[in-house]
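See below for the structure under consideration.
The values are calculated or read from the model by the stated rules, or taken from the named source; none is laboratory data. No experiment lies behind these values; they were computed from the predicted model shown. Glycine gets a Cβ as well: all are built from the backbone with ideal geometry, and neighbour counts include every protein chain shown.
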Amino acid sequence: MNILLVAINAKYIHSNLAVHSLKSYAGEYQEQIHIAEYTINHPLDYILQEIYKQNPEVLCFSCYIWNYRYVRELIAELHKLLPEVPIWAGGPEVSYESELFLEENPGAAGIMAGEGEETFRELCAYYMKRAIVPAGSSGIPQGEGSALKKEPPGDGQGEGSASKKEPPGDGQGEGSISKWGSPGDGQEEEKRFRTLEEIPGLIFRNEDNALVRTAVREPLPMDELPFCYEHLEEFQNRIIYYETSRGCPFSCSYCLSSIDKTLRFRSLSLVEKELQFFLEHGVRQVKFVDRTFNCNHKHSLAVWQYLKAHDNGITNFHFEISADLLTEEELELIHSLRPGLIQLEIGVQSTHQPTIEAICRNMNLNRLEQAVERVQQAGNVHQHLDLIAGLPKEDFASFAESFRQVYSWKPEQLQLGFLKVLKGSRMYEHQKEYGLIYRDQPPYEVMATNWLSYEELLEIKLVEEMLEVYYNSGQFELTVKALELITEDPFALYLELGRFYENRGFLAMSHSRMRRCEILLEFAAEKDGKHLELYQETLTFDLYARENMKTRPAWAPDQAEYKEFSRKYCKKGKLSHLEPFWYDMEGIRERKTLVSYPKKQEERQFYLFSYEKRNPLTGQAFVRRLEEGRELR
């Protein structure tokens, strides 16, 4: 038997936790289960050919908004080529409106709805006991006819449903799953699940081509989920995703996580064991996928304390948190961590109070701002803040104000996203009330609302693109700060820069970093031409702060005039670089002036860029300021 789990990721560096968790949970069938991971950058024909060459006997797709178009087309084509192979889909993109998906995609045999680990394991047991024979489009053996009622017993324990296991609290009692092994021998499941109707969590076609929905699958205790990273070689050069909880205590209307109120945590003893595994193997980055990691203070504090005590000096851990929930004890602990040990992603989404209320977001904005500032004071944690455009009751002006307010907090990264109207979310149910016009195809991005026109949304998209290139990249830090000194409105600044790109035909083009510099210099010259020399210097500083440039900027001074001084300090070849400046770079970096620039200095100063040592938050080179003949302390 060859059961193939297919994941199509957004980028090569991503890994798909879902398919690896499914395979690990179905431990007794490891030899029969295989994983194939691709990206949306692969040609569709390539993925089709590769799947076909693997001769699957059961095919399962992991479905998300970024790969949904690919999956639908692949299902259609693979069903033509392999009509006898049952094709199953799972994931958030097909767990809602499942019947509609099966009606629109006749090549699919069925759907595993909701959490899939135990459903997939029981499906494996079902197919392992049966020879697969053609049966219409479903690949289901003949003779399985009667559909169960769609209304399952309230506790999931009715006739035909899988009895729910109740392991001891530590997850190590009789009948529980070893986190580092396989869940039993599967014999009980093989005997019990003789028909698909007996497996909870499925929607499928029977031999009469009628749609059948089985009993609702009860969520698993977190300690029953396996640890799926024992073979780290499979994740070489990829991000490791890890979860210590499922569900979310909040009810944000745009988010699917708010639907699952069964908030569950993995026991700390298991979490510590697994974190130690990552630390001992020197994993570069572990991204926690817990929806609100710090909603349980005892849990988050214990994890951060463990990471501090066992820090290997290499691994970075990424957490999605609600900053307004941070306690004083947590803030003090965060201040004590090694720079770069953790990074925090904080969903602000909007600062407009009517919008916050409309999306059912539970957030204390003042406390959030204070927490962001407190974390920033220590200078040891990369903060990634999020805003969403297109939310209810937020027009162009109020969104611009949200942007200005969050931008003023100066996070290392500010992500400006656009509302996705996801099937199953409360936002989806209220789309008519809010006048949501959004794309029919994934990712279902909003195009207009009762408060925001499409023209205005396009303006925000210009801001988003310029923000990504010139702020979030961290590659133009000093020049952006210099430009900020002549405007009180950063939203207007990025919008003006976006229109500059648009008017000159620079959008939708691939530009090198040097070309981005040249365009920004052209923009600065038009906006503030009297300080052109200053912008030339800040751009030179930005270029060398990131790397020892192979191609020197055309506007930079001739290196021959300070060649001897450079030799004195640059004794490690390409690992260091010396550059002269007439303007006060430190004054600009620290924003010591608000409107006027520091005057050109009487004597030039030199900055030594050392690439062996970098800022762990920004990746910028370590920089020292010098003067000819002496070093400034």
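Annotations for the structure displayed:
- Of the criteria (1) at pLDDT 50 or above; (2) more than 21 Å from Leu225 (Cα to Cα); (3) more than 25 Å from the chain's Cα centre (by Cα), which one Val94 fails: (3)
- Hey, Pro411 at pLDDT below 95 and touching a strand residue (DSSP E or B) at 6+ places or on another chain (Cβ under 6 Å) or not: no
- Condition met for Leu578 (assigned by TED's automatic domain parsing to the domain that holds Leu483 and in a helix (DSSP H, G or I)): no
- Number of residues in the range 1-56 that are touching a Phe, Trp or Tyr at 6+ places or on another chain (Cβ under 6 Å) and part of a strand (DSSP E or B): the value is 3.
- Residue in the range 492-499 that is modelled with pLDDT under 95, charged (D, E, K, R) and farther than 18 Å from Gln349 by Cα present: no
- In the range 350-362, of all residues being of a type in the set (S, T, N, Q), assigned to a loop (DSSP other than H, G, I, E, B) and in contact with a Leu (Cβ under 8 Å, 6 or more places away or on another chain), the one that is surrounded by the most Cβ atoms within 10 Å (Cβ to Cβ) corresponds to Ser350.
- Residue count, the range 317-335 (criterion: loosely packed, with under 14 Cβ neighbours inside 10 Å, in a helix (DSSP H, G or I) and either in contact (Cβ under 8 Å) with a residue 12 or more places away in the chain or among the basic types (Lys, Arg) (or both)): 1
- The range 478-491, residues that are without any contact (Cβ under 8 Å) to a residue 40 or more places away in the chain and either surrounded by 20 or more Cβ atoms within 10 Å (Cβ to Cβ) or on the phi > 0 side of the Ramachandran plot (or both): Val480
- Filter pass, Ala89 being closer than 16 Å to Arg205 by Cβ, small (Gly, Ala, Ser), at pLDDT 95 or above and under 25 Å from the mean Cα position of the chain (by Cα): yes
- Val469 meets the conditions (1) among the aliphatic types (A, V, I, L, M); (2) surrounded by 21 or more Cβ atoms within 10 Å (Cβ to Cβ); (3) modelled with pLDDT of 95 or more in every case but one. The failed one is (2).
- Here is the figure for the range 289-316: residues that are crowded, with 20+ Cβ neighbours inside 10 Å, in contact with a Phe, Trp or Tyr (Cβ under 7 Å, 6 or more places away or on another chain) and not in a helix (DSSP H, G or I) total 2.
- Test: residue in the range 437-444 that is crowded, with 21+ Cβ neighbours inside 10 Å and of a type in the set (A, V, I, L, M, F, W, C): no
- Odd one out for Ser610 among (1) within 23 Å of Tyr471 (Cβ to Cβ); (2) surrounded by 16 or more Cβ atoms within 10 Å (Cβ to Cβ): (1)
- Residue that is under 35 Å from the mean Cα position of the chain (by Cα), part of a helix (DSSP H, G or I) and within 20 Å of Met585 (Cβ to Cβ), where the choices are Leu534, Leu539: Leu539
- Looking only at the range 599-626, and only at residues there that are among the hydroxyl-bearing types (Ser, Thr, Tyr) and in contact (Cβ under 8 Å) with a residue 40 or more places away in the chain, the one that is farthest from Leu478 (Cα to Cα): Tyr611
- Scanning the range 58-74 for residues that are touching a Leu at 6+ places or on another chain (Cβ under 9 Å) and buried (at least 22 other Cβ atoms within 10 Å of the Cβ) yields Val58, Leu59, Cys60, Phe61, Ser62, Leu74.
- Evaluation of Lys571 against (1) assigned to a loop (DSSP other than H, G, I, E, B); (2) closer than 27 Å to Phe523 by Cα; (3) not β-branched (Val, Ile, Thr) (one fails), failing number: (2)
- Test: residue in the range 85-103 that is assigned to a helix (DSSP H, G or I) and acidic (Asp, Glu): yes
- Of residues in the range 503-519 being more than 29 Å from the chain's Cα centre (by Cα) and not basic (Lys, Arg), the one farthest from Met549 (Cα to Cα): Asn503
- For beta carbons closer than 8 Å, sequence separation of 6+ or different chains, a first residue in the range 336-349 that is modelled with pLDDT of 95 or more and crowded, with 17+ Cβ neighbours inside 10 Å and a second that is β-branched (Val, Ile, Thr) and assigned to a strand (DSSP E or B), the qualifying pairs are Leu344/Ile321; Glu345/Ile321; Ile346/Ile321; Gln349/Ile388.
- Yes/no for Ser300 being touching a residue at least 40 places away in the same chain (Cβ under 8 Å) and either polar (S, T, N, Q) or closer than 18 Å to Pro219 by Cβ (or both): no
- Residues (modelled with pLDDT under 95 and in contact with a helix residue (DSSP H, G or I) (Cβ under 7 Å, 6 or more places away or on another chain)) located in the range 427-463: Gln441, Pro442
- When we screen Ala492, Ala556 for residues that are under 16 Å from Tyr471 (Cα atoms), among the small types (Gly, Ala, Ser) and out of contact with any Gly (no Cβ under 7 Å at 6 or more places or on another chain), the only hit is Ala492.
- Residues (basic (Lys, Arg) and crowded, with 18+ Cβ neighbours inside 10 Å) located in the range 492-515: none
- Flag: Leu493 does not match the condition of being within 24 Å of Phe606 (Cβ to Cβ) and in the same structural domain as Leu483 (by TED's automatic domain parsing).
- So Tyr569, is it at pLDDT 90 or above, more than 26 Å from Glu484 (Cα to Cα), in contact with a Lys or Arg (Cβ under 9 Å, 6 or more places away or on another chain) and not acidic (Asp, Glu): no
- Meets criteria (of a type in the set (Gly, Ala, Ser), farther than 28 Å from Gly247 by Cα and modelled with pLDDT of 95 or more) for Gly107: yes
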